[in-house]
Amino acid sequence: QVQVVESGGGLVQAGGSLRLSCAASGSIFSIDAMGWYRQAPGNQREPVAAITSGGRTNYADSVKGRFTISRDNAKNTVYLQMNSLKPEETAVYYCNAKGVNTPRGLNLEVWGKGTLVTVSS
């Protein structure tokens, strides 16, 4: 069974920084892409950033220049460094792994349960 687990959420003041981590575990050969989504109360889940196994990154326009996604392929771990956080970015942040290739030949998409980020004004 493959799972991803997020950590690093918490309370931060506006303008502050947080670093989220997400580790995938289980029987994994490789993971094509890992990324972060967020969902604020009353809103739909939206993509924040993603990174491929080759290191190609993609960011939502609203976080460009402030957030940085990185990845350790050997550890099947992805990080999200968030700087200059804004109160409106308060949300549950979810980790997503796409193209999880397993020894049994499966290709999975796996979601974490989320970690809460609260940005106070």
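The values are calculated or read from the model by the stated rules, or taken from the named source; none is laboratory data. Since we're looking at a predicted model, the values are computed, not measured. All Cβ positions, even for glycine, are placed from backbone atoms using ideal geometry, and neighbour counts span all protein chains on display. With ligands, DNA and RNA removed, areas are computed over all heavy atoms of the protein, side chains included. Shrake-Rupley method; radii C 1.70, N 1.55, O 1.52, S 1.80 Å.
A few remarks follow.
- With protein chains left intact and a 1.4 Å probe, residues in the chain average 54 Å² of accessible area per residue.
- Carbon + sulfur, % of accessible area of region 28-69 - ligands and nucleic acids excluded, 1.4 Å: 46 percent
- Projecting the Cα atoms of ASN43, ALA33, GLY8 onto the dipole axis of the chain, where Lys and Arg carry +1 and Asp and Glu carry -1 at the beta carbon, places ALA33 farthest toward the positive end.
- Only aspartates and glutamates eight or more places from LYS113 in sequence, or on another chain, were considered; those with a Cα closer than 19 Å are GLU6, GLU46, GLU89.
- Rolled with a 1.4 Å probe across the full set of protein chains, the surface gives THR90 an accessible area near 40 Å².
- Modelled spin labels at SER84 and GLN44, positioned 7 Å past Cα toward Cβ, are 2.7 nm from each other.
- The charge dipole of the chain, taken about its Cα centre with unit charges on the Cβ of Lys, Arg, Asp and Glu (plus for the first two, minus for the last two), comes to roughly 140 debye.
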